[in-house]
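Enquirer: Encoded as structure tokens, here's the structure I'll be asking about.
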Amino acid sequence: MTDLQARGVVKAYGPTPALRGVTLDVAEGEIVAVTGPSGCGKSTLLHCLAGILRPDAGQVTWRGQRIDTWSEAARSKLRRTEFGVLFQFGQLVAELTAAENVALPLLLAGTGRREARTAALGWLERLDVADVADARPGEMSGGQQQRCALARALVTEPRVLFADEPTGALDTLAGEQVLTHLVRLARQQRTSVVLVTHEPRIAGYADREVMLRDGVVDATGLGLDLPIVGGGR
Amino acid sequence: MSTSHLLLGLLAAGNRHGYELKRAHDSRLPRARPLAFGQVYATLNRLARDGLVAAIGQEREAGPDRTAYALTARGRQELDQWLATVEPPAPYVASTLFAKVVVALLAADVDTARSYLVAQARAHTDRLRELTTVKTAPSVTLDDVVAADYAIAHLDADLRWLRTTLERVADWHREVRS
């Protein structure tokens, strides 16, 4: 079943087009990698799908409902309840401990303090970072911080996880640990994942790869429709 | 790859007969082509002839002959020397992938070269995904992870080359044909 759909999504930043009519389906439990060279529009697409940005034209549909026409408040609620978001770095609140950071989305949703802490500790345990539960982000390695950020994105048990270059700031091994956890937990919970990356190796974690090129989906996946003459060196 | 040195290395962990060596090889190098029994026995005979291993007795149960082998002092020396020798990074750029694109540009046209690059990249991507599935399986062993990592890193490098070449193929074609 298709959960999340983009239909002809167009988005520009001033005069610069970022997306020029992107259509994409994400099925329940499916892990889709969105790849392509820098500036191809892949992060903009993720932001439109997650309801962070509103497209200039086209539609974004979540379980049959158009969400691109919703108010900011309604989209924000959707992001707190049904969606989880993981960026490259810098998402943890520096003043809070790992456990407090992970508990935060639950507290915002009205869960009691004790219950939220128990759930947060459970997620830190599943991500093998229980030992830093009481540490602040500044006291953790990059890999530990990113696993905490992943715990925070998953603590509300979202139906879709949006991950934008989630290992971009990590060394290979730390990045791999984050991705292995991400994929295993997503499969266990049948959470769909939209994984933005420019690396083939990272895209290998997905069930399917959608390649963007200059704001459109490259049908061949690899740029076969490039003009014959030209191309950079 | 040196089967002799692999067998010497496996014998460094303790005396074993041919069948045990084959099993140890296949489990320690899970993504390698399984070693054939014939190759194990032929290699052991050669190593025994050169004094690098020695037969230390036979165990005859109901089945076939089981001669156990031990690493000799000379075998240990040979193994240490092999381990201390750095493999030279490949001096020539030689790959079927690379050669095929060159030949496509010489013998056909840009579209043929592109079609090949795209199809090859797809095949590489499929294999990369298969190996990633192996290494993210919950029951995976570190033997499997390390072996899959090795293959994934090479596929990833090829994929980067295939994609970059796809961007350059038109310019390259003009150069080849000029």
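The values are calculated or read from the model by the stated rules, or taken from the named source; none is laboratory data. This structure is a prediction, so every number in the text was calculated from the model and none was measured. Reconstructed Cβ throughout: ideal geometry from the backbone, glycine too, with neighbour counts over all protein chains shown.
Enquirer: In region B:27-65, which residue that is of a type in the set (Val, Ile, Thr) and in contact with a strand residue (DSSP E or B) (Cβ under 8 Å, 6 or more places away or on another chain) is modelled with the highest pLDDT?
Expert: Taking region B:27-65 as the starting set, the residues that turn out to be of a type in the set (Val, Ile, Thr) are B:40, B:43, B:53, B:56.
Among the residues that remain, those that are also in contact with a strand residue (DSSP E or B) (Cβ under 8 Å, 6 or more places away or on another chain) are: B:53, B:56.
Details: B:53: 94, B:56: 89.
Ranking the qualifying residues of region B:27-65, first place goes to B:53.
Enquirer: Looking at region B:123-138, can you tell me whether even one residue there is part of a helix (DSSP H, G or I), in contact with a Lys or Arg (Cβ under 9 Å, 6 or more places away or on another chain), within 19 Å of residue B:168 (Cβ to Cβ) and touching a residue at least 12 places away in the same chain (Cβ under 8 Å)?
Expert: For region B:123-138, residues part of a helix (DSSP H, G or I), in contact with a Lys or Arg (Cβ under 9 Å, 6 or more places away or on another chain), within 19 Å of residue B:168 (Cβ to Cβ) and touching a residue at least 12 places away in the same chain (Cβ under 8 Å): absent.
Enquirer: Can you find a residue in region B:80-97 that is assigned to a helix (DSSP H, G or I), under 30 Å from residue B:163 (Cβ atoms) and of a type outside the set (Asp, Glu)? Steps first, answer last, please.
Expert: Initially, region B:80-97 is screened for residues assigned to a helix (DSSP H, G or I), giving B:80-84, B:96-97.
So of that shortlist, the ones also under 30 Å from residue B:163 (Cβ atoms) come out as B:96-97.
Add one more test, that the residue is of a type outside the set (Asp, Glu), and what stays is B:96-97.
Within region B:80-97, one or more residues are assigned to a helix (DSSP H, G or I), under 30 Å from residue B:163 (Cβ atoms) and of a type outside the set (Asp, Glu).
Enquirer: Just give me the residues in region A:153-189 being more than 22 Å from residue A:32 (Cβ to Cβ) and at pLDDT 90 or above, in sequence order.
Expert: Scanning region A:153-189 gives a single hit, A:155.
Enquirer: Does any residue in region B:100-113 that is closer than 7 Å to residue B:173 by Cβ and within 14 Å of chain A (Cβ to nearest Cβ) come within less than 8 Å, Cβ to Cβ, of a residue that is at pLDDT below 85 and not in a helix (DSSP H, G or I) six or more places away or on a different chain, and which pairs are these?
Expert: If the second residue must be at pLDDT below 85 and not in a helix (DSSP H, G or I), the pairs left are B:110/A:228.
Enquirer: Pairs please, first residue from region A:171-198 and at the interface with chain B (Cβ under 9 Å from one of its Cβ atoms), second anywhere and surrounded by fewer than 20 Cβ atoms within 10 Å (Cβ to Cβ), Cβ atoms under 7 Å, 6+ apart in sequence or on different chains.
Expert: A:184/B:138
Enquirer: Step by step: first the residues of region B:156-178, then only those that are without any contact (Cβ under 8 Å) to a residue 40 or more places away in the chain and more than 8 Å from chain A (Cβ to nearest Cβ), then the one that is nearest to residue B:28 (Cα to Cα). Which residue is that? Talk me through it step by step, then tell me what you get.
Expert: Quick first cut of region B:156-178, residues without any contact (Cβ under 8 Å) to a residue 40 or more places away in the chain only: B:156-157, B:159-160, B:164, B:167-168, B:171, B:174-175, B:178.
Among the residues that remain, those that are also more than 8 Å from chain A (Cβ to nearest Cβ) are: B:157, B:164, B:174-175, B:178.
Details: B:157: 25, B:164: 35, B:174: 48, B:175: 47, B:178: 51 Å.
Checked region B:156-178; the qualifying residue nearest to residue B:28 (Cα to Cα) is B:157.
Enquirer: Assuming residue A:49 fulfils every condition listed in (1) within 22 Å of residue A:199 (Cα to Cα); (2) more than 16 Å from the chain's Cα centre (by Cα) apart from one, which condition is it?
Expert: Looking at each condition in turn, residue A:49 falls short on (2).
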